[in-house]
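One structure is given here, and the rest of the page talks about it.
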Amino acid sequence: MATERLVKGFDSIVETDPIEAFLQQQEAEKATAATKQASGRRPGNTGHLNEVRPGVWRLKVYRGRNALGKKQYKTKTVKGTREEAARALTELQLEYGSNSPVSPSEMTLGLILVLWQGAHQDIWQPATKSNHQSIVRRLEPLSHIKVDQAKPKVFADFYAELRHEGLAAGTVTRIHSAARSAGNWAVEQGHIRANPLASVRSPGSGRSKPKMPTAPEVGQLIKAARASDAQFASVIEFAVISGARRGEIVGLGWEDVIERPDGDFTVRFCRCVSRGVVVEGLKAGDEKSIIVQRELIEKMRAVAKNDEWVFGMAKGHVSVGTISRKYKRLTDGQGLDVGTFHGLRHFCGSHLFNATNMSPIDIAAHLGHSRPSTTLDLYAHVVEPNQTGAAQALASVIAA
């Protein structure tokens, strides 16, 4: 059976197209349930539908048991006809019902990861999808582990071994975060009763300071780029001003550069390029906007090579890989050890904290972070704490 092949290990998981096998199994289970219903027997876990008052329906779906063995349910109230309520119940069952292809006690980490990827393949951007595929390969030695029966120490020991083999703490942390997310999703779907990864501490050794150029080094890079590639010099200037990610920069169209009444421009970011694919929406939301001075926009127009893409080439948008390679050649040629092109984004964020009166909320909006806490976590180290001001403010309270 497909299910038997799925639970053996990663090689067979990849080769047998488990998502298709899982969907086929679900269809077979639906057919079995329909047969039971026709014979007067109640099919397993179909949910419960109750009309609490005319036109108002209470839906209830069984979600399996929690870590203490207690039954869990998902409920929802909808309005409409019985047919509409029945359709909503079916959707609720598909989203929250316990529809695991194997029993929770037999569910392996390998199968969970495959099902997790399959459920999100239309949501993740190409780069995210590729990163998760790489992480899943790293977790292959644990693919046979029955998650519902595993102890947290199994995963903690595995992370320690990865660190011993020389893998960076940040990389191990990303592996753990992905595995924990997959486990949480599996609990929500009723595939397992509890996620042992939830109690495993992140193996990272704390966030390191982001690598970035200094202000004089930024000026040096722009000057050197102007001498050999005027368009790339404008890319660097725009990255410093906007703090935009590579994918957001190469995905910027001239239609997104809108003149303002004051003469400057609003630049709207609403798409990115990821793994060579143009994707609508950004990493942390649908779009963001910043204000850019006319002088820089005019420089960008003067060196533009494409009528559609702001920083495009004659044949279309440039790739993020090209941006990275050009930046590395430039920094190596100048003898500067200033990190990757992403360091210009860190330079922007750090400078906004140190040289402006912008609040963390405003800086987060400028950088496109989903939460100001992310911004503070990244750049709090660049802000000198005002200990004198704190002492004076508290002394005034005591003296009052």
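The values are calculated or read from the model by the stated rules, or taken from the named source; none is laboratory data. Predicted model only: the values in this text are computed from it and were never measured. Here Cβ is always computed from backbone atoms with ideal geometry, including for glycine, and neighbour counts include all displayed protein chains. Calculation scope for accessible area: heavy atoms of the full protein, side chains included, ligands and nucleic acids excluded. Shrake-Rupley method; radii C 1.70, N 1.55, O 1.52, S 1.80 Å.
Of all residues in the stretch 247-286, those that are closer than 16 Å to residue 126 by Cα, without any contact (Cβ under 8 Å) to a residue 12 or more places away in the chain and over 19 Å from the mean Cα position of the chain (by Cα) total 0. Of all residues in the stretch 233-263, those satisfying the criterion of being within 13 Å of residue 300 (Cβ to Cβ) and among the acidic types (Asp, Glu) are 237, 256. When residue 391 is tested against (1) modelled with pLDDT under 85; (2) under 20 Å from the mean Cα position of the chain (by Cα), only condition (2) is not met.
Output yes when any residue across the stretch 59-69 is within 30 Å of residue 154 (Cβ to Cβ), exposed (fewer than 12 other Cβ atoms within 10 Å of the Cβ), at pLDDT below 85 and in contact with a Lys or Arg (Cβ under 6 Å, 6 or more places away or on another chain), and no when none is. First the steps, then the outcome.
Narrowing the stretch 59-69 to residues within 30 Å of residue 154 (Cβ to Cβ): 62-69.
Within this subset, residues satisfying the condition of being exposed (fewer than 12 other Cβ atoms within 10 Å of the Cβ) are 68-69.
With at pLDDT below 85 added as a condition, the list becomes 68-69.
When the remaining residues are screened for being in contact with a Lys or Arg (Cβ under 6 Å, 6 or more places away or on another chain), the result is none.
No - not one qualifying residue is present in the stretch 59-69.
Within the bounds of the stretch 144-162, is there any residue that is within 24 Å of residue 282 (Cα to Cα) and either in a loop (DSSP other than H, G, I, E, B) or modelled with pLDDT under 85 (or both)? No, every residue in the stretch 144-162 fails to be within 24 Å of residue 282 (Cα to Cα) and either in a loop (DSSP other than H, G, I, E, B) or modelled with pLDDT under 85 (or both).
For the stretch 262-297, taking the residues that are within 19 Å of residue 130 (Cα to Cα) and out of contact with any Cys (no Cβ under 9 Å at 6 or more places or on another chain), the one that is modelled with the highest pLDDT is identified as 271. Check 191, 176 and return the single one that is in a loop (DSSP other than H, G, I, E, B) and closer than 20 Å to residue 112 by Cβ. Selected residue: 191, the only one of 191, 176 that is in a loop (DSSP other than H, G, I, E, B) and closer than 20 Å to residue 112 by Cβ. Restricted to the stretch 84-124, and to residues that are aromatic (Phe, Trp, Tyr) and under 21 Å from the mean Cα position of the chain (by Cα), which residue is modelled with the highest pLDDT? Per the stated criteria, the residue is 116.
Residues checked against (1) open to solvent by 40 Å² or more (accessible area, probe 1.4 Å); (2) among the small types (Gly, Ala, Ser); (3) in contact with a His (Cβ under 6 Å, 6 or more places away or on another chain):
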position	(1), (2), (3)
295	yes, no, no
298	yes, no, no
315	yes, no, no
321	no, yes, no
325	yes, no, no
330	no, no, no
334	yes, no, no
338	no, no, no
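Residue count for the stretch 300-309, restricted to those that are buried (at least 17 other Cβ atoms within 10 Å of the Cβ) and part of a helix (DSSP H, G or I): 1. Consider the stretch 132-166 and keep the residues that are open to solvent by less than 30 Å² (accessible area, probe 1.4 Å) and of a type in the set (Gly, Ala, Ser). The one that is farthest from residue 178 (Cα to Cα) is 150.
Whenever a residue of the stretch 154-182 is within 17 Å of residue 144 (Cβ to Cβ), its partners that are among the aromatic types (Phe, Trp, Tyr), lying with C-beta atoms within less than 6 angstrom and at least six residues away or across chains, give the pairs 182/116.
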